[in-house]
Amino acid sequence: MEKVLVTGAAGQLGTELTQQLTEVYGTEAVIASDINPKAKATFPYCRFVVLDVMDRERLRKCIKEENVTQVYHLAAVLSASAEKKPLLSWRVNMDSLLHLLELAREFNLNKLFWPSSIAVFGPDSPKIQTPQQAAKEPVTAYGIAKLAGERWCAYYHQQYGVDVRSLRFPGLIGYKALPGGGTTDYAVAIFHQALAGKSFRSFLRKDTRLPMMYMPDAIKASLALMQAPKDRISIRSSYNLAAMSFSPEELYQGILPYFPEFNITYEPDYRQTIADGWPQSIDDLEARRDWDWSPDYELPAMIQEILQELPKWIQHKKSDL
Ligand code: SER
């Protein structure tokens, strides 16, 4: 029987992926963990433990005592937060991954999932349809750690046979958790402002196109990758992954028909520099080829669904308080 541990489960990806994992493996088989004890309330449907991924011994104890067979290691400091505390972000993002790669080896885990990011690319990488193997010279603290992490994943696979699998996520957009320090998180925050009848101040320029993905596609990709037979996984660093690309202005224009009074202003800040170093679109040929990846959502369908579901989610959260 599989026993699945999710770190950083209360983050944007974890909130939705953990629920989906309980549907695949059963509620008994999934343990959600997060550094924030209050996150327990997010997981009424499965076990929850407080876990700091920097604490290798606690992680080790949890994996050993719970007979964990798979880990989804989602705890991370995202790009914008990382620029504020680069050395701390390096330690959190790298040390925790190395802890888990070591523990995967020690306990012979069946599988380890670790998200990488489009942030591995840098200003000199091709911007359009960036290929898997394009030059990577990231200039952000977050990107440097993700690129190093990818190399460690490939290393642990090659040297020790650790079955670690990874995706280079584009900006992920979900409505079931609040933004968490990412550069692409403006595309989550904008929906909250529109619904609240407030105007939105974008910290990116209006024409800043970035690769993005709606959360259900991110969940689908994660599970497809993790469930693919070993011999279909040809990339052990991290797979390019794509769904859609848009700019703040394009997203705003997509929301406008639903809220004709909605207003946006543009005040680019330090996050503009982060975004300027990233690709505008991604070529995910290898994911399509190796494990039949294809996304379900384009921008209009995502906007429609979020605007339909987010008010219910907000109402639900209020009634929980
Ligand atoms: N969406 C992430 C961020 O903006 C990139 O991986 O930090």
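What the table below lists for this structure:
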item	result
Residue match in region 30-45 (condition: polar (S, T, N, Q) and part of a loop (DSSP other than H, G, I, E, B))	yes
Any chance Gln308 is free of Cβ contacts under 8 Å to residues at least 24 places away in the same chain and assigned to a helix (DSSP H, G or I)	yes
Residue in region 296-311 that is within 29 Å of Val139 (Cα to Cα) and in contact with a Gly (Cβ under 9 Å, 6 or more places away or on another chain) present	yes
Filtered residue count, region 112-140, keeping only those that are of a type in the set (Gly, Ala, Ser) and within 11 Å of the ligand (Cβ to nearest atom)	3
Selection count where residues are small (Gly, Ala, Ser) and within 9 Å of the ligand (Cβ to nearest atom), scope region 161-186	4
Cβ pairs under 9 Å, 6+ apart, first in region 140-157 and among the polar types (S, T, N, Q), second within 16 Å of the ligand (Cβ to nearest atom) and not in a helix (DSSP H, G or I)	Thr140/Gly122; Thr140/Gly277; Thr140/Trp278
Selection within region 192-215 - assigned to a helix (DSSP H, G or I) and either surrounded by fewer than 23 Cβ atoms within 10 Å (Cβ to Cβ) or under 18 Å from the mean Cα position of the chain (by Cα) (or both)	His192, Gln193, Leu195, Met215
Which numbered condition Leu88 fails, given (1) away from the ligand (no atom under 16 Å from the Cβ); (2) among the aliphatic types (A, V, I, L, M); (3) open to solvent by 10 Å² or more (accessible area, probe 1.4 Å)	(1)
Of the criteria (1) surrounded by fewer than 14 Cβ atoms within 10 Å (Cβ to Cβ); (2) in contact with a strand residue (DSSP E or B) (Cβ under 6 Å, 6 or more places away or on another chain); (3) among the small types (Gly, Ala, Ser), which one Ser281 fails	(1)
Only one of Phe191, Phe203 that is more than 13 Å from the ligand (Cβ to nearest atom) and touching a residue at least 12 places away in the same chain (Cβ under 8 Å)	Phe191
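The values are calculated or read from the model by the stated rules, or taken from the named source; none is laboratory data. Note that this is a predicted model, so its numbers are computed, not measured. Neighbour counts run over all protein chains shown; Cβ positions are idealised from the backbone, glycine included. SASA here: full protein model, heavy atoms, side chains in, ligands and nucleic acids out. Shrake-Rupley method; radii C 1.70, N 1.55, O 1.52, S 1.80 Å.
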